[in-house]
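Contents: one structure, followed by commentary.
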Amino acid sequence: MPLYGYSKEVLTDIGPYEMSEVSLDFSFNDLRRIARFLNAFADSVEAGEWRSGHRHLSEFDRDWNRDHPRSDVIVFHTSQAPTMRVEGEK
């Protein structure tokens, strides 16, 4: 499963690169696995369960490394969730 991209900017000496475009060469089944991963973490951000950091598809889908030992999908979340307000606080 190759990943292709055009770099826009090098963020550090060893990467990652900011990409202006990314092309994914996946089977339909793998696209659905990636979609489940992205949806699960979007849901966790919306629910306030994930405030910052990054997550790997290979940790979410334990079979991913077996199927694609040289590829991973990583999502970053750097923004902070809004402060939770306790009922009755002003």
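Bear in mind these aren't lab numbers, they're just calculated from the coordinates by the rules spelled out. Keep in mind that this is a model prediction, so the values were computed, not measured. As a convention, Cβ positions derive from the backbone with ideal geometry for all residues, glycine included, and neighbour counts pool all protein chains shown.
What FRET efficiency comes out for D43 versus D13 if R0 is 30 angstrom and r is the Cβ-Cβ distance? Round to the nearest 0.05. Taking R0 as 30 Å, the efficiency between D43 and D13 is 0.30. Computed over neighbours whose Cβ is under 10 Å from that of N65, the net charge equals -2, Lys and Arg +1, Asp and Glu -1.
With the cut-off at 1.5 for a/c, could you classify region 3-77 from its C-alpha gyration tensor as rounded, prolate or oblate?
Working: a/c = 1.75, a/b = 1.12, b/c = 1.56.
Verdict is oblate for region 3-77.
What FRET efficiency, computed as 1/(1 + (r/R0)^6) with R0 = 25 Å and r the Cβ-Cβ distance, is obtained for T78 and N29, rounded to the nearest 0.05?
Details: r = 30 Å, r/R0 = 1.22.
Plugging the Cβ-Cβ distance into 1/(1 + (r/R0)^6) gives 0.25.
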